[in-house]
Amino acid sequence: MTAVPASAYLTLAAFLFAIGAAGVLIKRNPIVIFMCIELMLNAVNLTFLTFALHQPNLQAQVAGHVFVLFVIGVAAAEVAVGLGIIVVIFRLRETIDVDSVSLLRE
Amino acid sequence: MEALNIPQVEWSALLPVLTVVGAALLVLILELFLPRGQHTPLMLVGLLGLGLAGYFQLALWGASLVTWAETALSDNIAVLLNLAILVSSGLVLLFADDYLRARNMRYGEFYPLLLFATAGAMLMISSTNLMVVFLGLEVLSLSLYVLTGLARAEVRSEEAALKYFLLGAFASAFFLYGIALLYGAQGSVDMRVISASWVASMPGKMTNALLVASLALMLVGLGFKAALAPFHMWTPDVYQGAPTVATAYMAAVSKVAAFGVLLRLLSAAMPMLDLWSPIMWAIALLSMLVGNLVALIQRDAKRMLAYSSVGHAGYLAVGLVSMNMTSLTGVLFYLVAYALMTVGAFGVLSLMARAGDATTVDALRGLARRQPFAAFAMAILMLSLAGIPPTAGFWGKWYLFLGALEGGQTLLAIVLALTSVVGAAYYLRLTFSLYADALEAPAARWSVPAPMVVCLLICLIGLIGLGIAPRPLAESSRQAVERMANGEWQVVSGE
């Protein structure tokens, strides 16, 4: 069995992270922006797991795995808060486009 | 396969954080049993919890504990900054009730959210393990997003919350990616390992590149939290849109927490000084210039303070770039003073916003006639923010300035002095307008409630006290920094 090299995973993760970051900057819908942020977080998870695979001892491997679990948990908490805010905005003004969310600019 | 040891734990190191979490949970349950809108008991329980946590925190002074499998730590820096966080949270709790009632935001969840945010901020400072730091950052941030959007009926508040949330989540993704690369480089997410891994890594090798990239990414994430330029774009909108009590809280607490982590991270990355110091140099310069110059043309006092907080972040960054005993002492001193000044200043603005008055600088005109005490307090707070003696703000800037000169950062020291003069211009303009005649009849009559008087008195006594006798705090800060530099840890772990 030929193993997929670590560099392949890392490159994929870097690409996913870059796509997510680009998406945050160019997309206008907050839900899509949010999906892009999730993509970035998952790229981070992939990076962690790849590195964890190549750690010499158990303690170091587990540190990476546990971190991924925490990231997943935090991402879920972010979804709850983020969607809550988006729902309230939609109720107040019937649109969520970030370009029209500009009352604060004087 | 090796077995995982169950590490021995020293509870006292995390006792302050746990007390705050306990108080938050208690408040959360208590709120269910109270009649709607009756929140005084919540405030009292919250204050009690914060006071108790402060007591436990003070008891840890002098100890350098590393425990909980090396994920929790308590040193003098943690004690000092956690106390600053606890005091600012307590002050905000004191005057929040009145504001929330007047603005018709009788949401009981304000109190537990504020306490959870406090626990998160304390956790960030009480660890060198980046996983714990990240969790603390997220607990703080998620609570702050909700607090920002607390005024559910106001579009402004919700828009600020959305903006803060999206940019905050974006920034923490960068921070996380930085941690992931650090993990790849050294197999551990502990900051204290960084210097050893850097010394061991060879130029041109993978480890070396990973360490550099990870530090850069983490600086982006923390720079956002600390409102350093060019990551400050969210600051004015969020500060203006959020309910003023939430602004007071986030301005003080998230800055203290973010700079606490930056201080630890950058001093751990000391061997990489040549690499990060030009970046921090540029960030410091840009923050001082952008923050102070843009603040000069703001008409809304909340926006003005927001931009000025970017400027203050720049001053603190000067202390981090200089990286010597004096400048780091200055950073700690300035953070404590800054927390007091900001909470007080936004507190006075919350009094105005509460009565439905605008928070523009023009609306502040003639405040001295109507509210002599509030105006006097605001004037002292502004003088301290401007760094005029005998206030704490002066000594903070003085140590940072001396530290920059000592560290050979002459240009930064000059820019610090010059931008302070620019800062003095807009702070004094606001002060003068307090004592000038009002342009028009004020929209509403209001009084200063008793809790606010107590809060402002604490701020004033603290600031003037530190201004007259800066030595105790400066000595303690110096001692804290020295201990960190010497790396005197008492590690409680093992089989």
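The values are calculated or read from the model by the stated rules, or taken from the named source; none is laboratory data. Note that the structure is predicted; figures quoted are calculated from it, not measured. Reconstructed Cβ throughout: ideal geometry from the backbone, glycine too, with neighbour counts over all protein chains shown.
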Flag if B:Leu113 is part of a helix (DSSP H, G or I), in contact with a helix residue (DSSP H, G or I) (Cβ under 6 Å, 6 or more places away or on another chain) and over 27 Å from A:Lys27 (Cβ atoms): yes
Would you check if B:Ala173 is buried (at least 22 other Cβ atoms within 10 Å of the Cβ), of a type in the set (Gly, Ala, Ser) and within 30 Å of B:Ala229 (Cβ to Cβ)? yes
For helices (runs of 4 or more DSSP H) lying entirely in region B:317-405, having 3 or more residues that are at pLDDT below 90 picks out B:325-354, B:367-370
In region B:129-153, the residues that are at the interface with chain A (Cβ under 8 Å from one of its Cβ atoms) and of a type outside the set (Ser, Thr, Tyr): B:Met131, B:Phe134, B:Leu135, B:Glu138, B:Leu142, B:Val146, B:Gly149, B:Arg152, B:Ala153
Could you list, in sequence order, the residues of region B:165-185 that are more than 9 Å from chain A (Cβ to nearest Cβ) and either acidic (Asp, Glu) or over 23 Å from the mean Cα position of the chain (by Cα) (or both)? B:Leu182
For B:Gly120, the lone unmet condition from (1) within 12 Å of another protein chain (Cβ to nearest Cβ); (2) modelled with pLDDT of 95 or more; (3) farther than 17 Å from B:Thr19 by Cβ is (3)
Considering only region A:50-60, how many residues are within 9 Å of another protein chain (Cβ to nearest Cβ) and assigned to a helix (DSSP H, G or I)? 6
If you go through region B:1-56 one residue at a time, how many are of a type in the set (A, V, I, L, M, F, W, C), farther than 23 Å from B:Phe110 by Cα and surrounded by fewer than 16 Cβ atoms within 10 Å (Cβ to Cβ)? 6
Which of (1) assigned to a helix (DSSP H, G or I); (2) at pLDDT below 95; (3) not polar (S, T, N, Q) does B:Gly62 not meet, given it meets every other one? (1)
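To keep it simple, each residue is scored yes or no on (1) under 25 Å from B:Ser74 (Cβ atoms); (2) in contact (Cβ under 8 Å) with a residue 60 or more places away in the chain; (3) among the hydrophobic types (A, V, I, L, M, F, W, C).
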{"site": "B:Met124", "(1), (2), (3)": "yes, yes, yes"}
{"site": "B:Thr128", "(1), (2), (3)": "yes, yes, no"}
{"site": "B:Val132", "(1), (2), (3)": "yes, yes, yes"}
{"site": "B:Leu135", "(1), (2), (3)": "yes, no, yes"}
{"site": "B:Val139", "(1), (2), (3)": "yes, no, yes"}
Scope region B:252-299; condition buried (at least 20 other Cβ atoms within 10 Å of the Cβ) and either of a type in the set (Asp, Glu) or not in a helix (DSSP H, G or I) (or both); matching residues: B:Ala269, B:Gln298
